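Read through the structure below, which is laid out as structure tokens, and then see the notes.
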2 protein chains.
Amino acid sequence: MSKEKPSIPKGTRDFGPAIVVKRNYIFGVIKRTFEKYGYLPLETPAMEQLSVLTGKYGDEGDQLIFKVLNSGDFLSKTKPEDIEEGSKHLTRKISEKALRYDLTVPFARFVVMNRNEITFPFKRYQIQPVWRADRPQKGRYREFYQCDADVVGTNSLLCEAEIVQMIDEVLTSLELKDFTIKINHRGILAGIAEAIGEKGREGDICVAIDKLDKIGQEGVRKELLERGISEQAVNKLEPLYSLSGSNEEILDQLQSILGDTEEGQRGLKDLREVWQYLEQLGSYALSTQNPSGQPRLMLDVTLARGLSYYTGCIFEVKVNNVSMGSISGGGRYDNLTGMFGMPGVSGVGFSFGVDRIYDVLEELELFPTSSQVGTKVLMVQFDKESELYSLPLLQKLRDAGIATELYPEAAKLKKQMSYADQKNIPFVLLIGSEEMKSGKLKLRDMQNGEQDELYIDDIIAQLKA
Amino acid sequence: MSKEKPSIPKGTRDFGPAIVVKRNYIFGVIKRTFEKYGYLPLETPAMEQLSVLTGKYGDEGDQLIFKVLNSGDFLSKTKPEDIEEGSKHLTRKISEKALRYDLTVPFARFVVMNRNEITFPFKRYQIQPVWRADRPQKGRYREFYQCDADVVGTNSLLCEAEIVQMIDEVLTSLELKDFTIKINHRGILAGIAEAIGEKGREGDICVAIDKLDKIGQEGVRKELLERGISEQAVNKLEPLYSLSGSNEEILDQLQSILGDTEEGQRGLKDLREVWQYLEQLGSYALSTQNPSGQPRLMLDVTLARGLSYYTGCIFEVKVNNVSMGSISGGGRYDNLTGMFGMPGVSGVGFSFGVDRIYDVLEELELFPTSSQVGTKVLMVQFDKESELYSLPLLQKLRDAGIATELYPEAAKLKKQMSYADQKNIPFVLLIGSEEMKSGKLKLRDMQNGEQDELYIDDIIAQLKA
């Protein structure tokens, strides 16, 4: 047995009790919301066939997939030339399985494998860890949770409207008050490309525009020109960065700019329909203004996201006045299951970044106190006699549903009190010889130090109140 | 992109919504019970350093650990002779990480790494998947969940008594009525070995006795003799297989058999103390008799479990009249963290086998109906007009906390009803032109087919009742 100082792999984390409880609070809010909208949970294995994952995330993504070594004598199936050809080639010979890289590809794989049993439209949510061999850095981990909700098998834009509603509901339930849900549409982006005379070049345009926050208008201009977008087109494009007014006014301006392009028309029509749904739903995201005076839901024509993937509406959510990237995002895709030979299944989905939401809630001190408590009462043990006297009371408290511990040894009082302190236990019950005689027990409130002498039934009533 | 028919790795499973909901019901009962007893959640990464896991599970176990291939050009750090020496040697050169094999070693690793921050006694529970490269077969998977609870840093036998209580409470909460909690003690087994003249041979004796159920008394006799236990000793041992009477009577019989052995004394003293705790707690496990007339908690001197590991009390739980192995087990260990150079930390822990509990509840039809429901109401969509009319009502239902879906398209009624059916949605709301006129909506109970015409507020009141 090794006796070296143990460690955990770079980019992974242990979550101790206090953190798990807070994370579960976030997961709980997200799950309840998903379920209220008819999404049901799916869980897929941590390991997928390597062939299922390969080629779905681009060359760079393929590199970042954690591969699992075949068990047993994996070399027995290789030839000398497999080794000579290098790591990349050898990987395919000695590894057949890999760790899940996201929840989208496993979802597509599940839908295709179970196409005959699934009732469409199929609404599922999935909250599970994923693994990426990225270089670890602040806020970027090699194991992290994704929280996805997707519906496949319908083109209805009601789904898009409901995604706005779910985002708004989750973040509002988490007590966040200043956030922006940005929305755009792939058709708008394609329409813009056409309108500025660069039809079909929306891919290059988006990659550049996506950096507007980081490198500014001049930087984007430089990149656009480098990517071969004409100067004339760039000049036409730039005014769009600062389209202003209400969402309605922006839609009207876009109408006049993209009115003639087929894709632009499609985007505008879809967005108007999403707006109509939201109005009928009485959406707070439409009616609420952030402290800055901007509407919570904002049409942002510079929102790009991963274009290769999305085909309709796209979303991204930012908490304002906090230095943190987007905490949620998603969009519509028309051919997710096509990668497994099942074409024509349209869907729309989005996901929450739980690690980022956690950091935001921590920074804004928004975790409720109740999400930090485990045990409610610690019974102090003075000696064998007090221990035996305490046991039926311990049982009584637990039977009443009150999380209770009896300190398992007659340790020094100071040690027992510090245990309660460390574990954030709000009440301590002290039962010495006098208390055993009278049946009136000392209940100490650890927050304010106040002490009451009460019968057990009154203690239970008070703690349950 | 590959277009082959996708599959999942052997021995792994997808859990669709209906199954996840049922599994979560089991996890929920277990979590609530653990927390009521002061255990708090811990989560560790799926990947551990390979060096942390190696050597902890025996040679066979080491083989069954899933190793993760180093990312990047993993061959660059190997020499030709590393490859010539074969798979086992090469593994150490191209793999530094591995998938968690159980929850016990990661727990020990966590305790050692955080020894200065942890308040002892440290009570943690952990519910996470583990991975083993076992040959898959019925009921044995390569990815499965373990549910462990352990307390380290105390010798108090109150912990053992509380484990009996937690097992009893979890299984009773799951509506199981006929199960046996077997208890034994490492000292009893050592004392028996000494008393029959084979001091120190309890390891061999236990490996053989452990097979009593499978190969019978004659088979065990043969194995004992093969393992070098004397015939005289075996003759003395066999009467112990059928010790009968109440637990108290068995303890008394053991007293006279093992009374002179140090280890036997230790075992008997510990067990009597556990019994005293349980009596004071008013334990149902003590007072309840199974339909067969046997007590729920049974001292069983033939209970062996993994002896290399445990040093005090050991537990195992079987559901009676169901063909299924043990669904829970555990015991006390005196040196878990010793493997990482931190000696002298005694602990006791146990775990539930969720897959087996799932199968038992399924066989006995004990899953509550409520654990099978997601969406409560499906609103049918007839046309655009009914859709727009329905939207504010949809929002109203959700605001009331009722999980509701509006079918996202005006599909044929039959298709929409079959969607409700497949998804087990208990109520369907039909809103056609007449309903829009009167405001009285048709609420159909999908179970009995009954239909009511009600205003939305009355529907909400009824569904929330």
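Observations on the model:
- Considering residues of segment B:276-289 that are touching a helix residue (DSSP H, G or I) at 6+ places or on another chain (Cβ under 7 Å), part of a helix (DSSP H, G or I) and not aliphatic (A, V, I, L, M) only, the residue least open to solvent (accessible area, probe 1.4 Å): B:Tyr277
- Within segment B:391-410, the set of residues being outside any helix (DSSP H, G or I) and either at the interface with chain A (Cβ under 9 Å from one of its Cβ atoms) or open to solvent by 40 Å² or more (accessible area, probe 1.4 Å) (or both) comprises B:Gly401, B:Ile402, B:Ala403, B:Thr404, B:Glu405, B:Leu406, B:Tyr407, B:Pro408, B:Glu409, B:Ala410.
- Residue check for B:Leu69: more than 9 Å from chain A (Cβ to nearest Cβ) and of a type in the set (A, V, I, L, M, F, W, C): no
- Meets criteria (under 16 Å from the mean Cα position of the chain (by Cα), in the same structural domain as B:Ala108 (by TED's automatic domain parsing), of a type outside the set (A, V, I, L, M, F, W, C) and open to solvent by less than 10 Å² (accessible area, probe 1.4 Å)) for B:Tyr141: no
- Annotation: of all residues in segment A:344-368 being of a type outside the set (D, E, K, R) and farther than 16 Å from A:Val29 by Cβ, the one that is surrounded by the fewest Cβ atoms within 10 Å (Cβ to Cβ) is A:Gly344.
- So A:Ala208, is it within 21 Å of A:Ser326 (Cα to Cα) and either part of a helix (DSSP H, G or I) or touching a Pro at 6+ places or on another chain (Cβ under 8 Å) (or both): yes
- Residues that are buried (at least 19 other Cβ atoms within 10 Å of the Cβ), modelled with pLDDT under 95 and more than 8 Å from chain A (Cβ to nearest Cβ) within segment B:421-430 comprise just one, B:Ile425.
- None of B:Pro295, B:Pro239 is within 26 Å of the chain's Cα centre (by Cα) and surrounded by fewer than 20 Cβ atoms within 10 Å (Cβ to Cβ) except B:Pro295.
- Positions within segment B:331-380 being within 15 Å of the chain's Cα centre (by Cα) and part of a loop (DSSP other than H, G, I, E, B), in sequence order: B:Gly353
- Residues within segment B:437-465 that are at pLDDT 95 or above, outside any strand (DSSP E or B) and surrounded by 15 or more Cβ atoms within 10 Å (Cβ to Cβ), tallied: 4
- Evaluation of A:Gln422 against the conditions (1) within 41 Å of the chain's Cα centre (by Cα); (2) more than 24 Å from B:Ser346 (Cα to Cα); (3) free of Cβ contacts under 8 Å to residues at least 12 places away in the same chain shows that the sole unmet condition is (2).
Residue-wise test of (1) outside any helix (DSSP H, G or I); (2) within 14 Å of chain A (Cβ to nearest Cβ); (3) surrounded by fewer than 20 Cβ atoms within 10 Å (Cβ to Cβ).
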residue: B:Thr119; (1), (2), (3): yes, yes, yes
residue: B:Asp134; (1), (2), (3): yes, yes, yes
residue: B:Val151; (1), (2), (3): yes, yes, no
residue: B:Leu176; (1), (2), (3): yes, no, no
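- Hey, A:Glu160 open to solvent by less than 10 Å² (accessible area, probe 1.4 Å), more than 9 Å from chain B (Cβ to nearest Cβ), charged (D, E, K, R) and over 22 Å from B:Phe66 (Cβ atoms) or not: yes
- Condition check for B:Tyr57: more than 7 Å from chain A (Cβ to nearest Cβ) and touching a strand residue (DSSP E or B) at 6+ places or on another chain (Cβ under 6 Å): no
The values are calculated or read from the model by the stated rules, or taken from the named source; none is laboratory data. What you see is a predicted model, and the numbers here were worked out from it, not measured in a lab. We place every Cβ from the backbone using ideal geometry, glycine too, and count neighbours over all the protein chains shown. Each accessible area value is taken on the protein alone, full model and side chains, heavy atoms only, with ligands, DNA and RNA left out. Shrake-Rupley method; radii C 1.70, N 1.55, O 1.52, S 1.80 Å.
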